[in-house]
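One structure is given below, encoded as structure tokens.
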Amino acid sequence: MKNLYLIRHCEAEGQAHDASLTAKGREQAVMLADHLQGIKFDKLYSSPFTRALQSIEPIALKLDKQITIDERLEERRLSEVSLDDWMTELEKTFDDFSYKLTGGESSSEAATRGVEAVMDVVQVTNENSLVVTHGNLFTLILNHFESSHGFNTWKSLKNPDCFKLVFENDKIVSIDHVNVIPT
């Protein structure tokens with residue numbers, strides 16, 4: 001059995017590539033590290049976005065582990081232009097995985113790269129790995145393994161959030177929500 005802990009980053013100041021964690025987000029990252037420090041992670045992986053890296057840095061320091069940056073874990077690009085009703089457009093992408101806005105990725109395209117990254121992690125994991133990404137891609141990855149995860153899952157996600165994906169012989173056997181921050 002191999003366990004992959006899929007984490008949505010902590011609270012951030014914005015959506016830009018270089019958006020940092022808020023003060024609350026930095027506190028969440030420390031709590032996340034405290035909660036997960038008892039798990040023997042083989043490897044730690046992150047999106048290159050600042051908020052994802054800052055979310056994983058405290059656990060990397062506690063465990064004295066390197067962070068592997070994987071660009072395939074970047075947030076899904078919805079559009080290259082500002083959208084007045086982006087929530088409606090986002091919901092459409094969950095209803096039709098081929099729906100694609102100008103300069104953006106379809107859900108299918110984003111899911112493909114995210115799942116490839118996850119499966120590459122599974123291949124090199126002995127027991128436990130941790131992967132930090134972003135809410136939209138996070139949900140698309142979950143959806144690949146369990147189709148009940150869609151737009152409503154995305155809407156209900158917290159910062160941070162975590163699901164434990166369990167694999168046996170590189171096949172998914174369970175997906176469980178993990179409470180990583182006290183409510």
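Considered as a group, the residues in the stretch 87-129 that are hydroxyl-bearing (Ser, Thr, Tyr) and part of a helix (DSSP H, G or I) include one that is surrounded by the most Cβ atoms within 10 Å (Cβ to Cβ), and that residue is Ser107. The residue that is surrounded by the fewest Cβ atoms within 10 Å (Cβ to Cβ), among those in the stretch 22-59 that are of a type in the set (Gly, Ala, Ser) and more than 16 Å from Val180 (Cα to Cα), is Ala23.
Taken as a whole, the stretch 69-85 holds no residue that is modelled with pLDDT under 95, over 17 Å from Phe167 (Cα atoms), in a helix (DSSP H, G or I) and not small (Gly, Ala, Ser).
Taking residues in the stretch 116-128 that are farther than 14 Å from Leu165 by Cα and among the β-branched types (Val, Ile, Thr), and partners anywhere that are at pLDDT 95 or above and in a helix (DSSP H, G or I), not one pair has Cβ atoms closer than 8 Å while being at least 6 places apart or on different chains.
Filter the stretch 70-91 down to the residues that are under 15 Å from Glu109 (Cβ atoms) and free of Cβ contacts under 8 Å to residues at least 60 places away in the same chain and list them by number.
Answer for the stretch 70-91, where residues must be under 15 Å from Glu109 (Cβ atoms) and free of Cβ contacts under 8 Å to residues at least 60 places away in the same chain: Glu71, Arg72, Arg77, Leu78, Ser79, Glu80.
Considered as a group, the residues in the stretch 130-171 that are under 24 Å from Ala33 (Cβ atoms), touching an Asp or Glu at 6+ places or on another chain (Cβ under 7 Å) and among the hydrophobic types (A, V, I, L, M, F, W, C) include one that is surrounded by the most Cβ atoms within 10 Å (Cβ to Cβ), and that residue is Leu137.
The values are calculated or read from the model by the stated rules, or taken from the named source; none is laboratory data. This structure is a prediction, so every number in the text was calculated from the model and none was measured. Backbone-built Cβ (ideal geometry, glycine too); neighbour counts: all protein chains shown.
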